[in-house]
Amino acid sequence: MTNALSKLLETNDWLMADGATGTNLFNMGLGAGDPPEFWNETETDKIRTLYRGAVDSGSDIFLTNSFGANASRLKLHNAQARAFELSRLAAEIAREIADGAGRPIVVAGSVGPTGDIMQPVGTLSHADAVEMFHETAEGLKAGGADVLWLETISAPEEYRAAAEGFKLAGMPWCGTMSFDTAGRTMMGVTSADMVQLAGGIENAPLAFGANCGTGASDLLRTVLGFAAQGTEMPIIAKGNAGIPKYHDGHIHYDGTPELMADYAVLARDCGARIIGGCCGTMPEHLRAMREALETRPKGDRPTLEKIVQALGPFSSEGDGTGDDTAPKRERRGGRRRG
Ligand SMILES: [Zn+2]
């Protein structure tokens, strides 16, 4: 394997990924309903600023502005025919920033969900999903992405369809899911399920993990769940900068750079090798994360209590696997029996 990400993983214990795309672009004036991918063509300098913000803050890997660049999502803006072109542009601008960085930087072509529910529950067929992912993948490849980066996925069917589409494009990839529903994805996938899914796929990802979801605490609980399965695959942690709060009609994330620095170090202690942020994670958060990862020694795998102490409470009692709540239930049951 000679791709840029595998090379960096061979020589580094951990790598830092980037932060938010949406939050950064909203701060630059993107409207709430506007497709960010159009900016790859119309606001190229702002996309350069977004990418440079990650690279200059110490990211080894950054994601392209192509999360919604698939035919299904672009259809909402009557741009379903532009998936390839907008993906290519996203990667081309990224390539330029990465190559000018003066150190090895991985351009990860972001691929988000189609937004459709797959058959038999929904209407999107497997073949159509594969083709949509394939088209986006070809665009990112043509623009010079090193790897593809599937993110915020809820359904295992969609994860598998993406893997198939990426195989058609001959591209290595990473893939994360969003565990935003009491420790599970919206479609019910647990951390343990995901280890099975990622490890069992024919065109296996280079790394897998969790992104977005609820808060930094929940995300680390999920990472502990991955690690508990004893997987050898590199784990990705890309948590939000705190909890989203509605404030004056917009979403604000309450996580400070100090909190994200603690999160980054804890993510590494939990077993993650690729550590970044998601929504709300700005360059100042990334700088604090990089500094903490470089200066603080690796520690033991943290307990759930330690995570709560550092980052705040979980959004739900259990993580959906039963693993965390089982001992407690057993103890209670034991007492009742006794
Ligand atoms: Zn997010």
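Every read-out reported here was derived from the displayed coordinates using simple, explicitly stated rules and does not represent laboratory data. None of the values given here were measured: they were computed from a predicted structure. Cβ placement follows ideal geometry from the backbone for every residue including glycine, while neighbour counts extend to all protein chains displayed.
For region 1-112, give the magnitude of the charge dipole about the Cα centre (Cβ charges: +1 Lys/Arg, -1 Asp/Glu; no others), in debye to the nearest 20.
Magnitude of the dipole: close to 240 debye.
Treating the angle as unsigned and between 0 and 90°, give the value, to the nearest 10°, between the Cα long axis of helix 283-295 and the longest Cα principal axis of the chain. The angle comes out near 60 degrees.
Straight-line cross-link partners of K167 among the aspartates and glutamates, defined as a Cα under 12 Å from its Cα and at least 8 positions apart when in the same chain: E131, E135, E138, E202.
Shape analysis of region 179-338 yields a ratio of the Cα radius of gyration to the Kirkwood radius, Rg/Rh, of 1.00. Taking the centroid of alpha carbons for each part, region 195-236 and region 21-73 are 25 Å apart. Once you order the gyration tensor axes a ≥ b ≥ c over the Cα atoms, which shape class does region 4-311 get: rounded for a/c under 1.5, otherwise prolate or oblate by comparing a/b with b/c? Verdict is rounded for region 4-311. Only lysines eight or more places from K306 in sequence, or on another chain, were considered; those with a Cα closer than 22 Å are K238, K298, K328. For the listed peptides 31-42, 156-167, 227-238, 48-59, a ranking on the average number of other beta carbons within 10 Å per residue, highest first, reads 156-167, 48-59, 227-238, 31-42. Against the main long axis of the alpha-carbon atoms of the chain, helix 191-200 sits at an angle near 50°. Of the residues F84, T176, V121, the one whose Cα sits farthest towards the positive end of the charge dipole of region 76-207 is T176 (charges of +1 on Lys and Arg Cβ, -1 on Asp and Glu Cβ, taken about the Cα centre). From most to least packed by mean Cβ count within 10 Å, the peptides 263-269, 92-98 give 263-269, 92-98.
Taking Cα atoms only, the orientation of helix 216-228 departs from the longest principal axis of the chain by about 80 degrees.
Give me Rg over Rh for region 86-175, both radii from the alpha carbons and Rh done the Kirkwood way, two decimal places. Can you show the working numbers first?
Working: Rg = 13.7 Å, Rh = 13.3 Å.
Taking Rh as the inverse mean 1/r over Cα pairs, Rg/Rh reads 1.03.
When the charge dipole of the chain is built from unit charges on Cβ atoms (+1 for Lys and Arg, -1 for Asp and Glu) and taken about the Cα centre, the candidate among L266, G68, G19 whose Cα reaches farthest toward its positive end is L266. Counting only Cβ charges, +1 for Lys and Arg and -1 for Asp and Glu, the dipole size of the chain around its Cα centre is about 1060 debye.
Entry note: region 66-106 has Rg to Rh equal to 1.16, where both radii use alpha-carbon atoms and Rh is the Kirkwood radius.
Need the C-alpha centroid separation for region 253-306 versus region 90-153, integer Å. Going from one Cα centre to the other spans 26 Å. Relative contact order for the chain: 16 percent, from Cα pairs under 8 Å spaced at least 6 residues apart, divided by residue count. Most tightly packed first, judged by the mean number of other beta-carbon atoms within 10 Å of their residues, the peptides 70-77, 188-195, 84-91 read 84-91, 188-195, 70-77.
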